[in-house]
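None of the figures in this text is laboratory data; all of them are computed from the coordinates on show. These numbers were taken from a predicted model, which means no experiment stands behind them. Here the Cβ positions follow ideal geometry from the backbone for every residue, glycine too, while neighbour counts run over all protein chains shown.
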Amino acid sequence: MKIDLHCHSYYSDGQLSPSELIDRAHNMQVDTLALTDHDTVAGVQEMIDYQAQQKRAMHLVPGVELSTGWHGFDIHVLGLGVDHHNQRFLQRLELQSQTRQQRAVKIEDKLQKCGIQGVFQQAKVYAGKGQITRAHFARAMVSLRCVKDADEAFKKYLGKGKKAHVSPDWIAPQTAVEWIHDAGGQAVLAHPGHYDMTAKWLRRLVEEFSAMGGDGIEVSHGHLAKPKQLLIEQLAREWDLAASVGSDFHFPGRWTELGKSHPVPAGLTPVWNQLLSD
Ligand code: AMP
Ligand code: MN
Ligand code: MN
Ligand code: MN
């Protein structure tokens, strides 16, 4: 079984369409795939419709990655198995979308104060009909030759505490968990190893996430140093969180690939036991 419960399409900052993602996942022999765009489920139906035409044996999980704020950190919470037609959920996602648009205007303001023009306009072109993200700003800054690559855009301008950083007015993780549960999904703490925080803060985050009713945690996501990997597995056991795996694939390249993940270690309950039985 090859499972990937975290990836992005061009409805947020991924670069493939939902159909292209399905084709790629099929080629990578993925048999269970969740689409988890940033703060939107706009690509989910397209994925389901395409899959129905292809008549391939691949299980699809409607998903989302909600942006939240917690003690100054940007924390991402995945909603897996959400009802993408749930009207209340869609209205709530619309609020997140507005937060994104308001932040984008403020980022543009700050960039202009740094003497950099036209980034928002180009970022909007890249975002197309999808959610506007900092990844689009970074791409625009590269194409306008303000920076040499996206990493430099984050390090100099868009990252936390940098020249054009705007502290977003995201919902709390608790709210994300409630929204996901109301929409019939499971709430999973995304990429716990990628937050720029000490082990002490991470312990606190996982403890609080469990206490607020969170269901799972990503135990395999990209490249993690062994001690951090072990800490995350231990926290999952300690706080009785189901284990999720996801590539966080955004576009074809050297860094990540659909279906690329490590097996769930013994003693942890895979989150898809629940999802596939629903
Ligand atoms: P946002 O959700 O709008 O704050 O944008 C965050 C997105 O930017 C993440 O989901 C990543 O896809 C991307 N990102 C974050 N840090 C970096 C980085 N250092 N280099 C390239 N992309 C990044
Ligand atoms: Mn992203
Ligand atoms: Mn994320
Ligand atoms: Mn992601």
Spelling it out for residue 14: with amide H atoms placed in the peptide plane at 1.01 Å from N, the residues 5 or more places away or on another chain with amide H under 5 Å from its amide H are 9
Stokes-Einstein at 20 °C, 1.002 mPa s, Kirkwood radius from Cα pairs: D for the chain in µm² s⁻¹? 113 µm²/s
DSSP beta bridges in the stretch 1-111 [antiparallel fraction, %, rounded to 5]: 55 percent
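Going through the stretch 137-240, which trypsin sites (Lys or Arg not before Pro) have at most 16 other Cβ atoms within 10 Å and a DSSP loop state?
145, 148, 160, 162, 163
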Suppose we look only past 13 Å in the calculated P(r) of the stretch 192-246. What percent of the Cα-Cα pairs does that tail hold? 54 percent
Applied in sequence order to the stretch 121-129, the curve 6.51 cos²θ - 1.76 cosθ + 1.60 (Karplus, θ = phi - 60°) yields integer Hz couplings, x standing for Gly and Pro, of 4, 6, 4, 5, 5, 5, 5, x, 8
Determine the gain in length on full extension of the stretch residue 91-residue 59; use 0.36 nm per residue of separation and subtract their C-alpha separation, reporting nm with one decimal. 8.8 nm
Within straight-line cross-link reach of residue 155, lysines at Cα separation under 24 Å, skipping those fewer than 8 residues along the same chain: 106, 110, 113, 124, 163, 228
Compute the acute angle (0 to 90°) between the alpha-carbon long axis of helix 199-211 and the principal axis of greatest extent of the alpha-carbon atoms of the chain; round to the nearest 10°. 60 degrees
Mean projected area (nm²) from the convex hull of Cα positions in the stretch 78-188 is 7.3 nm²
Distance between the C-alpha centers of the stretch 99-122 and the stretch 158-173? Whole Å please. 13 Å
Under the definition of Cα pairs under 8 Å and six or more residues apart, what whole-number percent is the relative contact order of the chain? 21 percent
Once amide H atoms are built 1.01 Å from N in the peptide plane, which residues 5 or more positions from residue 242, or in another chain, come under 5 Å H to H? 216, 217
Pull up the cross-link candidates among the aspartates and glutamates for residue 200, meaning alpha carbon to alpha carbon under 14 Å and not fewer than 8 places away within one chain. 208
Beta bridges per DSSP with both ends in the chain, % antiparallel, nearest 5: 45 percent
